[in-house]
């Protein structure tokens with residue numbers, strides 16, 4: 001929490017409020033959007049972690065299924081511009097390379 005001393009009053013970003021109606025509305029919207037974006041970023045991280053865990057576990061067929069789900073999640077979040085498309089592509093590429101490097105599934 002950033003606290004700014006101004007005279008004898010203590011101001012923090014949490015206690016300040018805009019004076020103009022449109023700025024107040026924008027502040028409300030930004031809180032909502034921040035919560036949505038945070039949730040989506042968390043979903044992205046979880047998808048990537050679950051794909052990595054599946055790859056480390058060694059079951060290629062299960063890892064491929066988790067990889068497909070993770071790829072879908074990564075693309076969906078990149079389409080919403082939560083992360084850049086190149087970052088999404090990099091994540092997918094690294095997961096695909098790790099999946100490809102796995103030993104073939106037992107037939």
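Kindly state, to the nearest 0.05, the FRET efficiency for residue 75 paired with residue 35, given R0 = 22 Å and r defined as their beta-carbon distance. Before the final figure, lay out the partial values.
Numbers: r = 22 Å, r/R0 = 1.01.
Once the sixth-power term is evaluated, E becomes 0.50.
For residue 56 and residue 99, compute 0.36 nm times the residue count separating them, minus their Cα-Cα distance, and round to one decimal in nm.
14.5 nm
Counting other C-beta atoms within 10 Å, which of 44, 33, 99 has the fewest, and how do the rest follow?
In order of increasing Cβ crowding within 10 Å: 33, 99, 44.
Suppose each label sits 7 Å from its Cα in the direction of the beta carbon; what would the residue 24-residue 65 distance come out to in nanometres?
Rounded to a tenth, the inter-label distance reads 5.3 nm.
Throughout, read-outs are computed from the coordinates displayed, never taken from laboratory work. Keep in mind it's a predicted model, so treat the numbers as computed, not measured. FYI the Cβ positions are ideal-geometry reconstructions off the backbone, even for glycines, and counts take in every protein chain you see.
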